[in-house]
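Colleague: Dumping the structure here so I can ask a few things about it.
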Amino acid sequence: MTTASAPITQDVLTLPRTLPEGPTNIVGLTRDALRAALIAVGTPEKQAKMRVNQIWQWVYFWGARDFDAMTNLAKDYRALLAQHFTIALPEIVSKQVSMDGTRKYLVRIAGGHEVETVYIPEEDRGTLCISSQVGCTLTCSFCHTGTQKLVRNLTAGEIVGQILLARDDLGEWPNKGEGMGERPRLLSNIVLMGMGEPLYNFDNVRDAMLIAMDGEGISLSRRRITLSTSGVVPEIARCAQEIGCMLAVSFHATTDEVRDKLVPINKRWNIATLLEALRAYPKASNSERITFEYVMLKGVNDSPEDARRLVSLIKGIPAKINLIPFNEWPGSPYQRSDWAQIEKFADIIYKAGYASPIRTPRGEDIMAACGQLKSATERARKSRADIAAEAGLAK
């Protein structure tokens, strides 16, 4: 059995091998990194902290996109900033809007690669689903993104840039004279459930989320940010210690035999090892429950026996189970569980004392639902038979 101390090895670049010479992008720099960069171009050390605060508020609170807008900075200092820095976001290549209001953005990043970002409006919140990698290394057989090869990690700037471009599109930046909290937030929640495994890009995800939580800018509460992992056990505790956000786990099966096929990372860190890490999770409590995500696959993991095993497995972990009706995609080897079967499954969990909401599929008509994300230019052209063979389901 693989132990929790096993080293993580991934030959994944965060940046393209060659980058053009030019100004440094401020978006994605931590406060410390921004301070050091300002000092390096001639900002007096005694002024550096103040300058960081000013620039930070312009970029992350007001949504400024050029230095000329920063009117509380001297004109010659704005010119200095423009000479050495830029405020650059990923490019929106296309936007699709679902009949239910969900927005899916195809976003181009450095190197010409593309990822997808999804905004889901609801009555009491607006949730942005963010990508952390181009493609994915985990090859989960039910997930469309998993059929796309991993290209590289996103930088912190490319991750937080998805938040900024969504706020641009939503027109959410405050008007002149407005203070923080004077209008309802359209983008109130973030879920790291887009393309990629966030814990395989931990440092960049951490820096981007700390920027999102910073009270002088975007100012999202840590409890309104959820990181979803497929079970990278050695990095799970760091999520609580260094980010402090909510945790979700893509669980999806109650036996190692089935989970090995659905979530192949299970072969490295099996169910017992994963649950051991979750029981030790520093922030787990009744007020900060771990979410177990469970996609409902017809005839695969949706039996009453599965529901009872799931309840037994998670015993002692402050948890809720989020049941996800499978969102089909072209070539998928699975089908969505019948609705009656999903409700029966949910009822068993609920009667055992766990919240078991059934997630309403959103954005299916534009392929924006959970498990459907996959950029158009990077897709691997695989047939249904190829995908089924990789999943171990070929007949």
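The values are calculated or read from the model by the stated rules, or taken from the named source; none is laboratory data. These numbers come from a predicted model, not from an experiment. Glycine gets a Cβ as well: all are built from the backbone with ideal geometry, and neighbour counts include every protein chain shown.
Colleague: From the residues in the range 233-256 that are part of a helix (DSSP H, G or I) and of a type in the set (A, V, I, L, M), which one is farthest from residue 311 (Cα to Cα)?
Modeller: The qualifying residue farthest from residue 311 (Cα to Cα) is 243.
Colleague: Could you tell me how many of the residues in the range 253-265 are modelled with pLDDT of 95 or more and within 29 Å of residue 210 (Cα to Cα)?
Modeller: Of the residues in the range 253-265, 0 are modelled with pLDDT of 95 or more and within 29 Å of residue 210 (Cα to Cα).
Colleague: State whether one or more residues within the range 173-189 are modelled with pLDDT under 95, in a helix (DSSP H, G or I), out of contact with any Leu (no Cβ under 8 Å at 6 or more places or on another chain) and of a type outside the set (A, V, I, L, M).
Modeller: Taking every residue of the range 173-189 in turn, none turns out to be modelled with pLDDT under 95, in a helix (DSSP H, G or I), out of contact with any Leu (no Cβ under 8 Å at 6 or more places or on another chain) and of a type outside the set (A, V, I, L, M).
Colleague: Which members of the range 221-240 meet the condition of being buried (at least 22 other Cβ atoms within 10 Å of the Cβ) and either at positive phi or out of contact with any Asp or Glu (no Cβ under 9 Å at 6 or more places or on another chain) (or both)?
Modeller: Matches in the range 221-240: 227, 231, 236, 239.
Colleague: Also, quick follow-up: Can you tell me how many residues within the range 257-293 are closer than 12 Å to residue 313 by Cβ, among the hydrophobic types (A, V, I, L, M, F, W, C) and assigned to a helix (DSSP H, G or I)?
Modeller: Number of matching residues: 5.
Colleague: Return the only residue of 307, 355, 340 being more than 26 Å from the chain's Cα centre (by Cα), in contact (Cβ under 8 Å) with a residue 24 or more places away in the chain and either under 27 Å from residue 120 (Cα atoms) or outside any loop (DSSP other than H, G, I, E, B) (or both). Break it down stepwise before answering.
Modeller: Numbers: 355 fails: more than 26 Å from the chain's Cα centre (by Cα); 340 fails: in contact (Cβ under 8 Å) with a residue 24 or more places away in the chain.
Step by step, each of 307, 355, 340 is checked, and only 307 is more than 26 Å from the chain's Cα centre (by Cα), in contact (Cβ under 8 Å) with a residue 24 or more places away in the chain and either under 27 Å from residue 120 (Cα atoms) or outside any loop (DSSP other than H, G, I, E, B) (or both).
Colleague: Taking only the range 274-285 into account, find how many residues are surrounded by fewer than 18 Cβ atoms within 10 Å (Cβ to Cβ) and either of a type in the set (Lys, Arg) or modelled with pLDDT of 95 or more (or both).
Modeller: Selection size over the range 274-285: 2.
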